[in-house]
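First comes the structure, then the notes that go with it.
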Amino acid sequence: MAEILLSEAEKAFIHHGVQDDLRCDGRTRLGYRPIILETGLVSNASGSSRLRLANSDVLVGVKVELASPLSEKPLEGRLEFFVDCSANATPEFEGRGGEDLANEICRFLQMSYMSGDTINLSELSVLAGQQCWVLYVDILILECGGNLYDTVSLAVKSALYTTQIPSIKVATMDGDQPELELSEDPYDTKRLNTQNVPCLVTLMKIGNHYLVDPTPEEECCSSSGVVVAVSGSKKITAVRKIGSGSLHPESLVSMLKTASEVGAVVNKILMKKLLEEETAGKTQKVGFMR
Amino acid sequence: MDMLTSKIFLRKTKRGKVLKVVREHYLRDDLWCGSDLCKKCNQENSEVLDDAPLSSSTLCACPHYVVVDTNVVLHQIDVLESPAWKNVIVLQTVLEETRKRSTNNFKKLKEIMATRKDNFYVFVNEHHKDTYVERNPGESANDRNDRAIRKACSWYQTHLEESQQGRDKKKKIQIILLTQDFKNREQALKEGIPAYKVDEYVKSLKDFPDLQEKLAASHSEDNAENREPLFPEHWAPTRIMTGIKSGKLLQGIFHCSRENFLEGSVSVEGQDKSILLQGHASLNRAVDGDIVAVELLPEDKWTSPSGIVLEDQEDQDPGDQIEKEEALLSNSAKGKDRQPTGKVVGIIRRKWRQYCGILLPSVLAEGTRHLFVPAERKIPKIRIETRQAATLSSQKIIVAIDSWPRTSRYPLGHFVRALGNIGDKDTENEVLLLEHDVPHHSFPETVLACLPSMPWTISQEEVKRREDLRNLDICSVDPPGCTDIDDALHFRELSPNLYEIGVHIADVSHFVRPDTALDKEAANRGTTVYLVDRRIDMVPELLSSNLCSLRPDQERLAFSVIWEVTPNAEIKKTRFTKSVIRSRRAFTYAEAQCSIDDPLQQNELAKSLRGLNKLAKIMKKNRMDKGALQLSSPEIRFEVSTETNDPIDVISKPMLDTNSMVEEFMLLANISVAEHIFKHFPECAVLRRHPVPPESNFEPFLKAGKTQGFTLDVSSNKALAASLDAAVKPDNVYMNTMLRILATRCMMQAVYFSSGTVAPVDFYHYGLAAPIILISHLPFAGLYADLLVHRLLAVAIGADVTYADLLDRKCVQQLCNNLNYRHKMSQYAQRSSVALHTHLFFRHRVQDEDAYVLSVRQNALQVLIPKYGLEGSIYLKEKDEDSKPAFIYNPDVPSQTCGNITIRTFDRIVVQVSLDSKYVQHQKIAVHLVQPQIAGLSVEAIKTVNDSEPIPKKLKAGK
């Protein structure tokens, strides 16, 4: 990730701020920066969202495709993540510069969705052992303004929420070949239950305290932290430590506890906002035209 | 208002992927309403809709504009052709839906709109910002379109309202919607849009009482549902598709048998044996040409084609009953010659077109339900409704099929238009041109504009560009009366052992430049069609009979092939050039023959002809030695009365040496050009090939040979030629010709193709025994294919430039496919034209003629009358006629025996030919047996019988 140059004095300032529960931008340790979210702006994707958390900007598109299920999971469809770090975000991403970060995010997302509680993959099965839906989740990172994990996870959840899966019928079976029949009505689609889809919560340790939604400067000051995947039902589905420093077991336990609390709240608010947007009906898409 | 929306739909690809397709859809605010009275729209000179339209409808007396629903266009397109329609608004929604559902009707609608621009207005409602509707969740595409149509109607209403505020209420223009859809009408009425059923509306048009007869029949058949279905149902399309995919069903083109209307076959791609279908239930409403899905019967139920000749001969309307067919079919020989047999389970695509024919006289002349008999024997009769039966019964009419419900014995159709009186030559000509899809309208202005202006002379620059051959003694040899002389020849001695010969072809490509209107028209027509009394030109007459006709003593542009040959006809050198020539004389075949034979004629031309003739004979012999076939089909010519244009005599075309001389040189030119072009353009040369026929094709031929005691070898073209030459019987001279006729029928159709699409091994021309050949058709400029060849050759010799389509393999193949089709149709048309004239010829005479038995069937003899090239059937038994003598059929020979008289294939008999005019409406040539005399069957010879040869002994009663 892009390194920011900070003087010792600046670092000390941030440290002291965190200690006094008043961060540079006026937040408390558990406060988030403002989030802007819009869904459905990529018309040729089955589901899409764009999420902006302060200066972090992410665009997610979900594409559904028919494929044969994995042999070990004949009754389930699957999700595939792909992260692309645009060189728009920082010049370092140019060429293959962003690949490491992309893979890191990708793997962690895959891991956090692996738990059976997050998403019911059997909903994606079309014909046991023969055909299933595969959701390709393409994530494009347009700008890095800190706390990338959280930003990405929220955007992915929103995109999945809006994803429309065409309803398909198995018309006839003939020999071994299923004949699939696509509904003629483009509105005849089904949606995934995304209630329990996890949100990632990044907790950064600065001094003796930890904080959520770090800015790039804060990230720079911290030597260690955790990213916790919290499902809608407050369950932790995946944890990952970041940074080179160490964590005391005691503080780790307390961090996980806090993360699950924060994650539950974030989840709830996101679901509420998504529902609000949906019921508002068709509105003019804003997209990037602001 | 947002002016950009998007249309989103899902599509499944062939490989099973589901795609989400998004199309941007832009809306506009500058689409005008097209009404004369509108003050709001900025339209200029495009007002189609009248300011104050007159209504001739009693249903809707106020002035109105008509909006038609898609179903009206789909089902009642023929009604829309009438001039009764004025002020019609055609919505884009309707156009698009029509295009999706029926390309045929779409084309027709386009034509109607093009010819009647002042009455039909297309409103692009899908792009108008106020009339565009988006599909709602849960709404079917159909409902959405209906809604779009209604929305457009109400928009028009409010839009026009503003411009006619001051008007009297009775004079205000209404927008009325015509639809067949009950739901749409209900909904429209609910929304305050006046809506009517189209038949209701058409019937109310008091100025056009005849129009209602063109209404398609399907809707007046309401009570049909209650009746017992006569046919098995057709499967649902998805079921058929899966069946075909799994191989349980076969897909193919249905061909009805010419001889038996209850029999047909389906040719499946990739299978050499076609599938036999027998009986009403198995045919299951398939009409000749349809693409059908067939299910094979278990092997123990397979049968063979029945030997009987059966016509749907009801002279009266049988109603909706199917006659007992067991008797008609029962005799198909079980056990041997069995063929895969199946039944039709569904129709994949109907290939219905409009059919020419006549009305069957109905018992109830005042009735409205009548049967229509198509001219094409393979098409079933069609049930139509008309109230003009009395007037139509003496006319040839055109009818279109609308549907064929399970409950109806015959397909239901409607009357389209009348062509003219039956028996009228013009009418009959029109019929045969229509039936064979020959484009015969006069050339449009755009095409005529491409012609050079008259008087036309060859410019000096043009002469410079070409080789000047005006000094050569060139002459042409053609049939008498030929006005499109497209080839000419010359011959001169360079040295005692070296001759120069040249073939000069009219340079049509000079006048028909690629991509002009003229070129497109010619490409569509494909070929010039020669009828007995008429020629349908491919290019306008100015070209075909003047500028591209190598008239004597006139300078013409030509394409020349010039060879240097030894006296043994060995070619030393070949070259091609564009040239300027002046023909010295236009010979007829007979005149040329005279010049050759008459030793007194020693002028240059006569000498050249002799030289040419000599070389031609050597070349022909060489070709025969290589295995070229000499096939035969009877060709006749009519002597036509100069006053009435009716045929007064028939003569077979004589074959003179000069005929084959011209043929031989054309063939030589052909092969030389083909080789040259193929060398330069291996990917896109336009060639012609004559595929080697599969062995099974020869079966009837071999069988026929066997009855006469000849073993025929069909293993190669050379062997075939040799065994044909050997099969001569001194007592039956015509037998050999008959064999050759039969052999011709076993051949495959020669086809045009683009060289890139076929492997070079398949280039071989079977009949001519040439390894590579162009358009082997001898009139050299009457075909569009020749034009392509000219262009290719011109490029090859650097005389012209190429263009993209010329070298595009696909484009060329597409052209070739059209050419093949047109060529086939033109040949059929030619044949029909001959048949028509034979018909006219016999109108006032009865004649006894020699005839030969072509084939022996279970209940009939097929005979050929060489003098007229006419084929006919003599029925030996009829269903319920006991009066005829009992014939015993022996299918192994095959032969028919009655008492002590046996008739076999190729036997010579005498028949009486006359025109059976039992019904004025349905005249046909009748053939009756005269000799051998069989009581009860044969007829008395008429007095004027002039044949002298006695009947060969073996036919006579005796021992």
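Quick rundown of the values:
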quantity: Residue within region B:247-257 that is within 14 Å of another protein chain (Cβ to nearest Cβ) and in contact (Cβ under 8 Å) with a residue 12 or more places away in the chain present; calculated: yes
quantity: The one condition in (1) assigned to a strand (DSSP E or B); (2) free of Cβ contacts under 8 Å to residues at least 40 places away in the same chain that A:Leu256 fails to fulfil; calculated: (1)
quantity: Residues within region A:110-130 that are more than 9 Å from A:Leu75 (Cα to Cα) and surrounded by 19 or more Cβ atoms within 10 Å (Cβ to Cβ), tallied; calculated: 4
quantity: Qualifying residue in region A:245-258 (condition: of a type outside the set (A, V, I, L, M), surrounded by 15 or more Cβ atoms within 10 Å (Cβ to Cβ) and away from chain B (no Cβ under 14 Å)); calculated: yes
quantity: Filter pass, B:His765 being within 28 Å of B:Leu788 (Cα to Cα) and modelled with pLDDT of 70 or more; calculated: no
quantity: Residue check, A:Glu72 surrounded by 15 or more Cβ atoms within 10 Å (Cβ to Cβ) and free of Cβ contacts under 8 Å to residues at least 60 places away in the same chain; calculated: no
quantity: Of residues in region B:1-41 being at the interface with chain A (Cβ under 7 Å from one of its Cβ atoms) and touching a Leu at 6+ places or on another chain (Cβ under 7 Å), the one modelled with the highest pLDDT; calculated: B:Lys20
quantity: Residue list for region A:32-60, restricted to those being loosely packed, with under 15 Cβ neighbours inside 10 Å and modelled with pLDDT of 90 or more; calculated: A:Pro34, A:Ile36
quantity: Odd one out for A:Gly77, checked against (1) touching a residue at least 24 places away in the same chain (Cβ under 8 Å); (2) surrounded by fewer than 17 Cβ atoms within 10 Å (Cβ to Cβ); calculated: (2)
quantity: Which listed residue, of A:Val152, A:Val201, A:Val228, A:Val239, is part of a helix (DSSP H, G or I) and modelled with pLDDT of 90 or more; calculated: A:Val152
quantity: All strands (runs of 3 or more DSSP E) inside region A:26-90 with 3 or more residues being within 14 Å of chain B (Cβ to nearest Cβ); calculated: A:56-67
quantity: Check on B:Lys117, in the same structural domain as B:Cys33 (by TED's automatic domain parsing), modelled with pLDDT under 85, in a loop (DSSP other than H, G, I, E, B) and surrounded by 16 or more Cβ atoms within 10 Å (Cβ to Cβ); calculated: no
quantity: Residue in region B:132-146 that is assigned to a helix (DSSP H, G or I), away from chain A (no Cβ under 14 Å) and either at positive phi or open to solvent by less than 50 Å² (accessible area, probe 1.4 Å) (or both) present; calculated: yes
quantity: Selection count where residues are over 29 Å from the mean Cα position of the chain (by Cα) and β-branched (Val, Ile, Thr), scope region B:439-492; calculated: 5
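The values are calculated or read from the model by the stated rules, or taken from the named source; none is laboratory data. Because the structure is predicted, anything quoted here is derived from the model rather than measured. Counting neighbours? That spans all protein chains shown, and the Cβs are built from the backbone with ideal geometry, glycine included. Side chains are part of the model used for accessible areas, which takes the heavy atoms of the whole protein and leaves out ligands, DNA and RNA. Shrake-Rupley method; radii C 1.70, N 1.55, O 1.52, S 1.80 Å.
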